[in-house]
Each structure stands twice: as structure tokens, then as C-alpha cells.
Amino acid sequence: MADRTIDCDILIVGAGIAGPGLACAIRDRGYSIVMVEAVENPWDTSRGDHLQPVVVDILEKWGALDTFRDRGAEPRLGTSYYTADGEMILDVPLEDLPIPHPYYLVYHHEMIGKAFMDLASENSDLHFIAPATARDFETAEDGSIVALTIEGGDGARTVVHPKVVVGADGRGSKVRDTVGFNFAQEHHYESPLVMLLCKRNEAEPRNEVMAFLGAKGMTFRIARMGDGWKLSIPIDRTDTMWWRNSSVDDRRRFIAERSPALGDLETELVGFYPCKLANTAEWVRGNVVLAGDACHGLHPAHGQGMNIALRDMARLITFLPEPKDLKDPQLVRKQLKIYDELHRPNMMMSLNANHERALEMDNRNPAAILETIPFYRGIQDSSQMLEMFKWLTAGYPPPGTQQGK
């Protein structure tokens, strides 16, 4: 069959969160967009579902916040830390921060992606192609991608000629590998996370994330929309098969022994989250910019992966040339390079801080875990440290610092 050719302003490879978020953000700015996704429904309900206060502000700027609220997104007012037996160590409420939205939004991961896609579809010049694997790229000497050929199930081929390419295609990014981005920092964490869902057995109107720290390890109770919780537990990788075969009673006993304060919970196993840090040395080459896990795969400690990806996209759109100016390849390369040089160093501060917290979660040595308790008590006892912790939790630089959003 004859090829179909599409000339577009922006080619987005990957339709998880970052790609649809970008398409949503620029839906009314006149860009022609092609989005390619390998599967028809790429969203995973076991992944991050809490949007930081700084991202809530971004949603408002993108004209998306009302959609999220209308679809049932709920506020989360803080985070709290406890000993395994339920003694409070640190309480981090956000209501008193002088920011536009002093709360998280709790919304299922798969619904976040769908909301972005629905809003992005308001752009009549958006072409969504799925399922379609982006593999056959044509590149230029400077690393720019000048064409992508997609073969459909019926043998028909679509050739896309983009002016800008956004590689938002996850940890195994084909865009990243095709262009030749190198990893500058990699770390394989020892403990994967097991993800469990359960019904709430008590009222919790603040929707807080609760972290329980004890000699047998950490357990995180994470509010979900409605009447549910998600439990995130670092485990020994050799125990994966036990978890796969575990019964409700097996899991109940494990949780009660590890964090007695959580009591009698009936849980459903929903999956495992392998944890790896993988940061590329640069996020831009030629007309290609990487996004999300493609350039900064990180541990899900503190739910930063999705939030940082959306903060990246909010910053990226401030450097994108207007549609009429995208015909100038030199300007495109210049603007994307400026984005990389100005934004990436700031975000590396957040990525490095996340790595420090991830190492705490990954360490299953009882003495090391117990050592974190006085650290968090110290934050609780210092009004200055607590205030700084609140700002960082919300995703904002503390007043007086130079770190950007």
C-alpha cells in the first residue's frame, strides 16, 4: 500500500504521562502534533498517583485543573512519619504554605494520562497513532531525527517528518538509543517495591501519605481516590515468588509483623516496581529532547518521577519556538539546548535528593533504618528545618534559595 506522509511540528513518542501532558499544555498554541504509542492503553494503576502542589499550579496554568477536579481528583493535605508501632515522628501539613495550591491532588495514574489525552484532543491537528512501535528512525549528523516510518498491521506505512521530537518512551527509550544519549549516572537499587491495594479500615479525610519506619523495614500507606489505600513496601528481590503466591492471610501477617500499627488489612497484590536510577548526561541533542523516564529514570521514593516529568514539560514549553518559527532548524536546536543547559542542572538537585531518600528506603539493615527516626525527629523539633521540608515536599524551592521550579 502507498505510504502516507505527515509533516508535523512536534513528534511525541510515548503516551504515558509526560507526552500527553505536553500535548495538553500546548493544545491551543497552533502546533501540529503526532503522538505515537506502542500499546493502546499504556497506563498502569500501580504507579504514581499524587500530583505535587507545584504541579497542581502547573495544571491550573494549562487549563486542566478544573477537569481533574470535575473527574474526582481529591486533595491530600500532608505527609506523616511514624514508628512501626504508630508513634508519630514527623508531621508535614501543607495548608499554611503561602503557595497557590497548598495540597497534593490524588488521582489514579491511568486517569491522569487519560485526562491529559482528552484535553490534548481538543487540538484538531493532533494525530494519535496506536498501537505503533517507533523503531525506524532516520537521523541527521547532529543527532536530529528527520523522519519516522511506522508500519501498520495492514502493511500500510506512515512516514512522519517532524521539526521537534520528544522522546517520552520510558526506560527502554528507542528515541534515546537511536540518537545515542549516554547515561551519566546509573544505580540498581537492591529492593524492588511490592504494590498492594486495599480498602480503608478507618476514616482518613486528609488523604495523607503515612510512612512507618521500623527495624524490619519501611511501609508506606498511600491514599487513593475514594475509599482505598495503596501500600508500597521495599522487599528482598528473592522474595518475589513468595509474594506472587501469597494469600490474603499471608500478606496480612507480613504487614502486621513489619508495621503493627497498620493492623488488619485485606490486600490485593497489583504488581512489583523494579527500582533503578538512570540519568542521561544531556536531555537534548539536535531537534530531540528526552522526557520522563527516558532521561531520568528514578526510584519512586516520594512519588517524584511523574511530578518531575510534568515540571520538565512545563519548563520546556517556555523554550519552544512558535509554530511559524519551527521551520528554522538552527533556532530549534538553539532553544532546546538552552532548555537543557538552564533546566537540567536545577532538576538534578531534585533527582539527587530523591536518590538520597531512595537509599534510605533501599537499605534493609535494621540499625540503618532505625537511624532515620532521630533524623526525622530532628526536623519535627526545628521550625526552620520543618518549614524547609514543607517547601521541598511541595516541589518549590525554599525562600532564599536559588533552585528553580
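Do the conditions hold for VAL284, that is, is it more than 22 Å from ALA211 (Cα to Cα) and touching a strand residue (DSSP E or B) at 6+ places or on another chain (Cβ under 8 Å)? Judged against the criteria, VAL284 is a match.
For region 113-127, the criterion of a residue being assigned to a loop (DSSP other than H, G, I, E, B), at pLDDT below 90, of a type outside the set (D, E, K, R) and touching a Lys or Arg at 6+ places or on another chain (Cβ under 7 Å) is satisfied by no position. Determine whether LEU331 is surrounded by fewer than 17 Cβ atoms within 10 Å (Cβ to Cβ), closer than 23 Å to ILE10 by Cα and in the same structural domain as THR178 (by TED's automatic domain parsing). When the stated conditions are applied, LEU331 passes them. Residues in region 353-368 that are in a helix (DSSP H, G or I), surrounded by 14 or more Cβ atoms within 10 Å (Cβ to Cβ) and not charged (D, E, K, R): ALA353, ASN354, HIS355, ALA358, LEU359, MET361. The numbered conditions (1) touching a residue at least 12 places away in the same chain (Cβ under 8 Å); (2) under 22 Å from ALA301 (Cα atoms); (3) within 27 Å of the chain's Cα centre (by Cα) are all true for ASP239 except (1).
Note on region 369-405: among residues that are charged (D, E, K, R) and within 20 Å of the chain's Cα centre (by Cα), the one that is surrounded by the fewest Cβ atoms within 10 Å (Cβ to Cβ) is LYS405. Could you check, for region 145-164, whether at least one of its residues is under 28 Å from the mean Cα position of the chain (by Cα), of a type in the set (Ser, Thr, Tyr) and either farther than 12 Å from ALA23 by Cβ or assigned to a strand (DSSP E or B) (or both)? No; the residues of region 145-164 include none that is under 28 Å from the mean Cα position of the chain (by Cα), of a type in the set (Ser, Thr, Tyr) and either farther than 12 Å from ALA23 by Cβ or assigned to a strand (DSSP E or B) (or both).
Here is a check on your reading of the model: is VAL288 among the β-branched types (Val, Ile, Thr) and in the same structural domain as PRO205 (by TED's automatic domain parsing)? Give the steps one after another, and end with the answer.
Working: among the β-branched types (Val, Ile, Thr): yes; in the same structural domain as PRO205 (by TED's automatic domain parsing): no.
No: the conditions fail for VAL288.
Only residues that are closer than 28 Å to CYS275 by Cα and without any contact (Cβ under 8 Å) to a residue 40 or more places away in the chain were counted in region 368-405, giving 7. In region 63-78, the residue that is farthest from PRO102 (Cα to Cα) out of those that are outside any strand (DSSP E or B) and in contact (Cβ under 8 Å) with a residue 60 or more places away in the chain is GLY72. Screening GLY16, GLY48, GLY30 for residues that are part of a loop (DSSP other than H, G, I, E, B) and either among the basic types (Lys, Arg) or over 22 Å from PRO300 (Cα atoms) (or both) leaves exactly one candidate, GLY30. Selection over region 130-140 of residues that are surrounded by fewer than 17 Cβ atoms within 10 Å (Cβ to Cβ) and modelled with pLDDT under 95 gives a count of 5.
The values are calculated or read from the model by the stated rules, or taken from the named source; none is laboratory data. Just so you know, these numbers come straight off a predicted model, no measurement behind them. A quick note on method: Cβ atoms are made from the backbone with ideal geometry, for glycine too, and the neighbour counts reach across all protein chains shown.
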